[in-house]
Every structure is written in C-alpha cells, then in structure tokens.
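Read through the structure below, which is laid out as structure tokens, and then see the notes.
The values are calculated or read from the model by the stated rules, or taken from the named source; none is laboratory data. None of the values given here were measured: they were computed from a predicted structure. All Cβ positions, even for glycine, are placed from backbone atoms using ideal geometry, and neighbour counts span all protein chains on display. For accessibility, only protein heavy atoms count, side chains too; no ligands or nucleic acids. Shrake-Rupley method; radii C 1.70, N 1.55, O 1.52, S 1.80 Å.
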Amino acid sequence: MTTKRQAEITKALRRLAPMIPFNEAEDVKKLSNQRHLRSLPVPVAVWLSLVAHIRHIHTDYDELMDDGYDRDAARHFVLDDINEVLTGWQATRLLDGSET
C-alpha cells in the first residue's frame, strides 16, 4: 500500500527529473522517505535526495572525501558532474554554487 507521502514523493520526482531511470528513481524515492527527511516538505526532501544520490553514485565525491578534501571542496569539484546528470534527466532545476 502506498502512503500519501510516497505518492507525493513519486509525483515530485517525476516533475523534478522526468527522465530519471526507473531503478534510480526507486533509490531516490527510498532516500526521500528516510526518517530524517520526513519533517521536510516533500519537494525539498526529493531535491536533497536526488542531489545526494547523484553525488554518491555518479561523481567522484566519495573518492575526493577519501583523499582528504573537506565536504565543501569535494562538493565544489563535483558540481558540474551533478548538473550534467540532472540535465540528462531533463531536471527542472540545477545546482548552483551557493547550495551545499
């Protein structure tokens, strides 16, 4: 059974990144429904989950962190890679340098 929040997450993700592959959409939806994100509005939880998913799966972020870069520096270096994935998924929003 799908909860109201799960249905809202699905709709928000479909609006935000309409061309996201199914398997990755499922991962993002699971992230969006995690306990620590439940207090946030659905669009915010979906956006944060989408960016985190891309950062960890499609970029060198984790390797940069392992190499000793701090979080902000590592995020700076993968910003273009994240936006490239978002663009490929026809996202309606991209990251800018001010978001952390």
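Quick notes on this one:
- Per residue, the range 44-93 exposes 56 Å² of solvent-accessible protein surface, assessed with a 1.4 angstrom probe and all protein chains in place.
- Within the accessible surface of the chain, defined with a 1.4 Å probe on protein heavy atoms only, the carbon and sulfur portion equals 52 percent.
- Using θ = phi - 60° and Karplus 6.51 cos²θ - 1.76 cosθ + 1.60, couplings along the range 68-84 (whole Hz; Gly, Pro as x): x, 5, 7, 4, 5, 5, 4, 5, 4, 6, 9, 4, 5, 5, 4, 5, 5
- Computed from the Cβ-Cβ distance with R0 of 30 Å, the FRET efficiency linking D62 to L40 stands at 0.80.
- Rounded to the nearest 10 Å², the accessible area of Y61 at probe 1.4 Å: 10 Å²
- Rounded to the nearest 500, the 222 nm mean residue ellipticity of the chain from helices alone is -20500 deg cm²/dmol, with -39,500 (n - 2.57) taken per DSSP H run of at least 4 residues.
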